[in-house]
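Okay, so here's the structure we're looking at.
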Amino acid sequence: MAHQISHDQAHDPPNVTNPEHAEHHIVTPVQYSMVFGTLLLFTGITVWAAYVDLKVLNPIIALAIASFKAVVVILFFMHVKYQSRLVKLTVACGFFTFLVLIMMTLCDYISRSWGLW
Amino acid sequence: MPHETAVHEHEEHGHVFVPQHRHHFETEEQQREAGSFGMWLFLLTEIMFFGGLFFAYLLFRNWYYPAFAVASNQLSVPLGGANTAILITSGFFMALGVWAAEVRKRNILVITLILTTLFGVAFLGIKYVEYHEKWEKHHIPGAHFDVSEFVNPAAHGITDEQPLSPDMAQHTQIFFFLYFAMTGMHALHMIIGVGLLFWLTWRAYRGEFSSGYVAPIENFGLYWHFVDIVWLFLFPLLYLINRHPLH
């Protein structure tokens, strides 16, 4: 580099003072161990619940436990709990879009042969 | 004093120029956030990709419910459950690896990455055992598919399942097609992940991620945990929810 760029030229102050610049958070091994224990515990619960005859509730409980485990993984293993609003909103938007696509396809499926199920 | 606050924050950010900090980012934090944002956008396309398979499973299970219930109960819950625990353990070591890179401990990082790989390979090994059993029983959809176990379970020593009519028994192929498509795509993601882990372990061993440059480890961690999450849904849907069919 032939010349040094002064600080103000190189950096746009509104960007540097962006409120999104949160303190970087490091999740500790203790927290990870607690998440690990929770995930194993709920794996055990879902296997046990599968052998109990709960009629229509069996798949609902299995999916509820899977969703809970997925949320725990996303929040702690994937650090979303400690990320900026941009990342949080991106993740939420993705799942919401997926939900919309599922709902639209289900509406199509249920209405094609209306009354013939 | 808004102006003074701004100046204060400006200085607080400081400017320690580190080699991994690219010049087009204002701060290292901004660069880091941009990286996470990009990785998440990629993972969202992966959600849509697997989502299509999950949706196909939902519709076909609704359509050919008896075939799906019987075929699903052929899968081994002990093997599937063990694999779930193995994959969660692999994800736990990956998470510890991200921590080790953050606190700049090279040896711990290398060890956790190796453990992540070992548990990932163990998962694939159990998956191989399960696939092999399906191969031997001719439960792979196609010309050699064998429905005899579903048409006449008693002859195969299965007493707790009702026989299916021959045309419904053929539809078990759709279950096995989706089973192989979903677990196969998941396994392919694992194999790609294990390949990346070899590369990252080598770079970590050379000390590339123990001087504050965490992004590759962190973003690979996001990928690996995403693959975990797919399995967290595959396990109950394929192995567990058909143990008590509604007849």
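The values are calculated or read from the model by the stated rules, or taken from the named source; none is laboratory data. Predicted model only: the values in this text are computed from it and were never measured. Note that we place each Cβ from the backbone using ideal geometry, even for glycine, and neighbour counts take in every protein chain shown.
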Listing of helices (runs of 4 or more DSSP H) fully contained in region A:8-98 that carry 2 or more residues being modelled with pLDDT of 90 or more
A:29-50, A:57-72
Given (1) surrounded by fewer than 16 Cβ atoms within 10 Å (Cβ to Cβ); (2) at pLDDT 85 or above; (3) assigned to a loop (DSSP other than H, G, I, E, B), A:MET1 misses just (2)
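List the helices (runs of 4 or more DSSP H) inside region B:144-245, counting only whole elements, that have at least 1 residues being buried (at least 17 other Cβ atoms within 10 Å of the Cβ), on the phi < 0 side of the Ramachandran plot and free of Cβ contacts under 8 Å to residues at least 12 places away in the same chain.
Values: elements: B:148-151, B:166-170, B:172-205, B:215-234.
In region B:144-245, B:215-234 are the helices (runs of 4 or more DSSP H) which contain 1 or more residues that are buried (at least 17 other Cβ atoms within 10 Å of the Cβ), on the phi < 0 side of the Ramachandran plot and free of Cβ contacts under 8 Å to residues at least 12 places away in the same chain.
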Qualifying positions in region B:24-47 - facing another protein chain (nearest Cβ under 10 Å) and either closer than 30 Å to A:LEU116 by Cα or among the aromatic types (Phe, Trp, Tyr) (or both)
B:PHE25, B:PHE37, B:TRP40
Restricting region A:82-117 to residues that are among the basic types (Lys, Arg) and loosely packed, with under 12 Cβ neighbours inside 10 Å, the residue that is farthest from B:SER36 (Cα to Cα)
A:ARG112
Residues of region B:8-30 that turn out to be surrounded by fewer than 18 Cβ atoms within 10 Å (Cβ to Cβ), part of a helix (DSSP H, G or I) and modelled with pLDDT of 80 or more, as a count:
0
